[in-house]
Amino acid sequence: FLILAPFSHYYACEPDGDEAKRLPAKLKADGPWRAITVFPEALSSNEGQATLYITKQPGLSSLLQPNYAVVNTYYRGDEFRIDSTASVSTISLERAAERHGFSDACFLKLDTQGTELDILQSGRKLLEESVLAIYVELEFHPFYQEQPLFSDVDSYLRGLNFSLFDL
């Protein structure tokens, strides 16, 4: 997608305030985006505050707690160990689009460690009216407690006339 960067406004959510401040410079170095907006909130259907479970491997942090019965099966339990928690602000995808000006978004990328379906459901209008494609990281095993799996997200998106392009 970098070929489209000069013509695209890149929007990202990053609930960690310090990381949200660093992220624009990293994104600018990664590609020649026309513009970059990073907002310091987590996407969620429950607007307000939520607990972010910060794991030993920061890229595995989530609004959902790790499911140790599953992650230990794959010898990754230590990476999912919760080192700390933080209270973070949350906003729905719909409200974020309105507030930050991307209600005409045509592409979404989601990699939120188990909350992807919740986010998609919080932005149904956006999905129905402007989004043409979605790149979403999904799991076939519940690495997080109460995590929807591939089949749940696939079923929801098929109900909105999206179809699987690549796996």
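The values are calculated or read from the model by the stated rules, or taken from the named source; none is laboratory data. Model, not experiment: these values are computed from the prediction. FYI the Cβ positions are ideal-geometry reconstructions off the backbone, even for glycines, and counts take in every protein chain you see. For the accessible areas, the whole protein counts, side chains as well, though only heavy atoms, and no ligand, DNA or RNA atoms are used. Shrake-Rupley method; radii C 1.70, N 1.55, O 1.52, S 1.80 Å.
Each residue in segment 101-120 was checked for being under 9 Å from the mean Cα position of the chain (by Cα) and under 14 Å from residue 91 (Cβ atoms), and 3 of them qualify.
On the stretch given as segment 72-89, residues that are in a strand (DSSP E or B) and within 10 Å of residue 55 (Cβ to Cβ) total 3. A single entry from 160, 149 fulfils the requirement of being hydrophobic (A, V, I, L, M, F, W, C), within 27 Å of residue 68 (Cα to Cα) and modelled with pLDDT of 95 or more: 149. Of all positions in segment 32-40, none carries a residue that is closer than 22 Å to residue 128 by Cα and open to solvent by less than 30 Å² (accessible area, probe 1.4 Å). If the condition is being in contact with a strand residue (DSSP E or B) (Cβ under 6 Å, 6 or more places away or on another chain), assigned to a loop (DSSP other than H, G, I, E, B) and more than 20 Å from residue 120 (Cβ to Cβ), then segment 35-60 contributes only 56.
May I ask you to verify whether residue 84 is surrounded by 15 or more Cβ atoms within 10 Å (Cβ to Cβ) and in contact (Cβ under 8 Å) with a residue 24 or more places away in the chain? Considered against the rule, which asks whether it is surrounded by 15 or more Cβ atoms within 10 Å (Cβ to Cβ) and in contact (Cβ under 8 Å) with a residue 24 or more places away in the chain, residue 84 comes out as no.
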